[in-house]
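Beneath this line is the structure, given in structure tokens, with notes to follow.
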Amino acid sequence: HSTDEARAAVRMAKERGYDFIKVYNGVSAAEFGALVDEGRKLGLAVIGHGVRAVGLPAALFQGQVMVAHAEEFLYTAFGNKPNFAAIPEVVEKTKAYVTPNLSGYEAIARQWGKPEVLRQFLRDPNVRYLSPESRLIWLHRGYARGSGDLSANVSFLKRFTKALSDRGVPLLTGTDSPVIPGLVPGFSIDRALHALVDAGLTPFQALSAATRTPGEFIAKFVPGAAPFGVVAQGRRADLL
């Protein structure tokens, strides 16, 4: 990998009509900088995981506009363990959108080291809507072979998400379905909304994270995108 390859990847994404560049954990600091810089030139914002070589919230100051999964802060800003005392400082520095994806981490925690829970997920009647490929992904994902207990992390991420909301950090809903066992597309967004309410957000705030705030996010970072997210003249909207 190199910075030239990173820039070439952004140009290729632009040519093929992608709206964002998503970064994963293993990108180098130099590559991250090149992705952000080239993305700015071409109008492709950088979103995604917490790049380990850069860290969170540092990546946000360098140009990443959305963090996918609150747990990425756990692995970076909080040193891979719950640290309630550090929450205020991290929240204060989080100047970007965040997709908490609490329901995704909860699903992982429920089946972590528990093959019987994975089998329960596979017996869910809604699994009939999954493709055969997705069912195989569930079967071989590997979470059920984990060891330890992730429940403390679940509680911590709920507290962190509530603190983000209280501070006015814009939150987006997301599910990571169907690649996480237990999350069936369509049904999973309902669980994502409930997870936000379970964390302490109001139902209105949870619904905003699935409607108004995503509309604002897309309008800000995808030039020319059709406006949506609120019920207003000229906007594409569903009524709840």
Fill in the blank from the handout: Expected output for region 21-38 (first residue farther than 14 Å from Ser2 by Cβ and among the basic types (Lys, Arg), partner outside any helix (DSSP H, G or I) and modelled with pLDDT of 95 or more, Cβ below 8 Å, 6+ apart or cross-chain) is Lys22/Val46; Lys22/Ile47; Lys22/Gly48; Lys22/His49; Lys22/Ala68
Practice task
Name the residue, out of Glu72, Glu89, that is of a type in the set (Asp, Glu), open to solvent by less than 30 Å² (accessible area, probe 1.4 Å), modelled with pLDDT of 95 or more and out of contact with any helix residue (DSSP H, G or I) (no Cβ under 7 Å at 6 or more places or on another chain).
Solution key: Glu72
Practice task
Go through the residues of region 209-217 one by one and say whether even a single one is modelled with pLDDT of 95 or more, under 21 Å from Leu74 (Cβ atoms) and of a type outside the set (D, E, K, R).
Solution key: yes
Problem - Set Val179, Val127: member being hydrophobic (A, V, I, L, M, F, W, C), without any contact (Cβ under 8 Å) to a residue 60 or more places away in the chain and farther than 30 Å from Phe217 by Cα - result: Val127
Practice task
Under 8 Å between Cβ atoms, at least 6 apart or on separate chains: pull out the pairs that start in region 196-216 with a residue that is under 12 Å from Ser165 (Cα atoms) and end on any residue that is charged (D, E, K, R) and surrounded by fewer than 20 Cβ atoms within 10 Å (Cβ to Cβ).
Solution key: Ala199/Arg159; Ala199/Lys162; Gly200/Lys162; Leu201/Lys162
Practice task
Sort out for me the helices (runs of 4 or more DSSP H) sitting completely within region 176-240 that have 2 or more residues that are among the aromatic types (Phe, Trp, Tyr).
Solution key: 212-221
Exercise for the section: All but one of (1) of a type outside the set (Phe, Trp, Tyr); (2) surrounded by fewer than 18 Cβ atoms within 10 Å (Cβ to Cβ); (3) more than 22 Å from Gln64 (Cβ to Cβ) hold for Pro223, so report the exception by its number. Expected result: (3)
Handout entry: Every residue from region 155-179 that is crowded, with 19+ Cβ neighbours inside 10 Å and more than 11 Å from Gln205 (Cα to Cα)
Key = Phe156, Leu157, Lys158, Phe160, Thr161, Ala163, Leu164, Gly174, Thr175, Ser177, Pro178
Problem - Selection count, region 127-138, where residues are part of a helix (DSSP H, G or I) and exposed (fewer than 14 other Cβ atoms within 10 Å of the Cβ) - result: 5
Practice task
Report whether or not Gly215 is small (Gly, Ala, Ser) and open to solvent by 70 Å² or more (accessible area, probe 1.4 Å).
Solution key: no
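Find the helices (runs of 4 or more DSSP H) located wholly in region 9-80 whose residues include 2 or more that are under 18 Å from Asp176 (Cβ atoms) and of a type in the set (Gly, Ala, Ser), and list them. Before the answer, list the steps.
Values: elements: 29-42, 58-61, 71-75.
Filter on region 9-80 gives an empty set.
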Exercise for the section: Can you give me the number of residues within region 152-197 that are over 24 Å from Lys95 (Cβ atoms) and among the basic types (Lys, Arg)? Expected result: 1
Exercise for the section: Could you tell me whether any residue of region 102-118 is in contact with an Asp or Glu (Cβ under 6 Å, 6 or more places away or on another chain) and either part of a helix (DSSP H, G or I) or not basic (Lys, Arg) (or both)? Expected result: yes
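The values are calculated or read from the model by the stated rules, or taken from the named source; none is laboratory data. Remember, it's a predicted structure, so these values are computed and weren't measured experimentally. All Cβ positions, even for glycine, are placed from backbone atoms using ideal geometry, and neighbour counts span all protein chains on display. Areas reflect the complete protein model, heavy atoms only, side chains present, ligands, DNA and RNA absent. Shrake-Rupley method; radii C 1.70, N 1.55, O 1.52, S 1.80 Å.
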